[in-house]
Amino acid sequence: MNKVIIAPSLLAADFRNLEREFEKINSSEAEWIHFDVMDGLNVPNISFGFPLLEATRKLTDKYIDVHLMIENPSKYFEEFKKYGADGLTIHYENQTNIKEQLQAIKALGMKAGLVINPNTDVSVLEPYLSELDLILIMSVFPGFGGQKFIDATYDRVKQSRRLIEDSGRYIILQVDGGVSLDNSQELIGAGADALVCGSALFKENDFKGYVVKLLGK
């Protein structure tokens, strides 16, 4: 079992007190920050852009894990790199030339990830394993925070872990959506390496303590 990574989802942060939120993140054992980019076309919501990414980079030294839910993501890869992204994850759904996009991300010096929605078969990942640094399994349908975790995710994580092991490659297996203390240890047991946690984490008074509990310590 690899070391587990906790990635607080900025979508759930209190933007009235952004510096305070980053102080909590920076002082915790969370290693990544999950940064959702939505354009209202790929998913039914609009979220962050380059100004906030640039500000995020200035406020933290942690790994910035950018999850792209936008049309024509490759058009913006260079700008995401410029403004501070460490890794980019694109959706399998509604994308073409996926392998070329993953290669383009890596050519810019970023980690490349592929995400699948809850209703997409895990087997679609197989042709891309040679290009992947990260697989993201959505445990809710993307677009909005605070959704209920889909229990079928456990089996999907196990299937994905088997694919990774069969590939012989080191690929981080991440889960995003409805992650909390109710399911974190079962997800880790199923093979997850990284957990994105939003609403459950940011509503806690003891942010640092909740991260420790998510890690199973």
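The values are calculated or read from the model by the stated rules, or taken from the named source; none is laboratory data. The shown structure was predicted, so the numbers you read here are calculated from the model rather than taken from an experiment. Backbone-built Cβ (ideal geometry, glycine too); neighbour counts: all protein chains shown.
General observations
- Apart from one condition, Leu10 fits all of (1) buried (at least 19 other Cβ atoms within 10 Å of the Cβ); (2) within 14 Å of Pro142 (Cα to Cα); the exception is (2).
- In summary, Leu132 fulfils each of the numbered conditions (1) crowded, with 16+ Cβ neighbours inside 10 Å; (2) closer than 18 Å to Gln159 by Cβ; (3) over 15 Å from the mean Cα position of the chain (by Cα) with the single exception of condition (3).
- Comparison of Leu136, Leu173 shows that the only residue that is in contact (Cβ under 8 Å) with a residue 60 or more places away in the chain and in contact with a Gly (Cβ under 7 Å, 6 or more places away or on another chain) is Leu136.
- Of all the numbered requirements in (1) crowded, with 21+ Cβ neighbours inside 10 Å; (2) over 17 Å from the mean Cα position of the chain (by Cα), Arg16 misses one, and that requirement is (1).
- Residues in the stretch 26-57 that are in contact with a Gly (Cβ under 6 Å, 6 or more places away or on another chain) and among the hydrophobic types (A, V, I, L, M, F, W, C): Val43, Ile46, Leu53.
- All of (1) surrounded by 16 or more Cβ atoms within 10 Å (Cβ to Cβ); (2) modelled with pLDDT under 95; (3) aliphatic (A, V, I, L, M) hold for Leu68 with one exception: (2).
- Among the residues listed as Gly143, Gly216, the single one being among the small types (Gly, Ala, Ser), under 19 Å from Glu31 (Cβ atoms) and surrounded by fewer than 17 Cβ atoms within 10 Å (Cβ to Cβ): Gly216
- Check on Glu29, out of contact with any Phe, Trp or Tyr (no Cβ under 8 Å at 6 or more places or on another chain), under 22 Å from Ala194 (Cβ atoms) and in contact (Cβ under 8 Å) with a residue 60 or more places away in the chain: yes
- The residues listed here are Lys148, Lys99; of these, the one that is of a type in the set (Lys, Arg), surrounded by fewer than 16 Cβ atoms within 10 Å (Cβ to Cβ), touching a residue at least 24 places away in the same chain (Cβ under 8 Å) and under 24 Å from Asp182 (Cβ atoms) is Lys148.
- Qualifying residue in the stretch 198-206 (condition: over 14 Å from the mean Cα position of the chain (by Cα), farther than 27 Å from Phe22 by Cα and modelled with pLDDT of 95 or more): no
- Restricting attention to the stretch 19-59 and to residues that are surrounded by fewer than 16 Cβ atoms within 10 Å (Cβ to Cβ) and of a type in the set (Gly, Ala, Ser), the residue that is farthest from the chain's Cα centre (by Cα) turns out to be Ser27.
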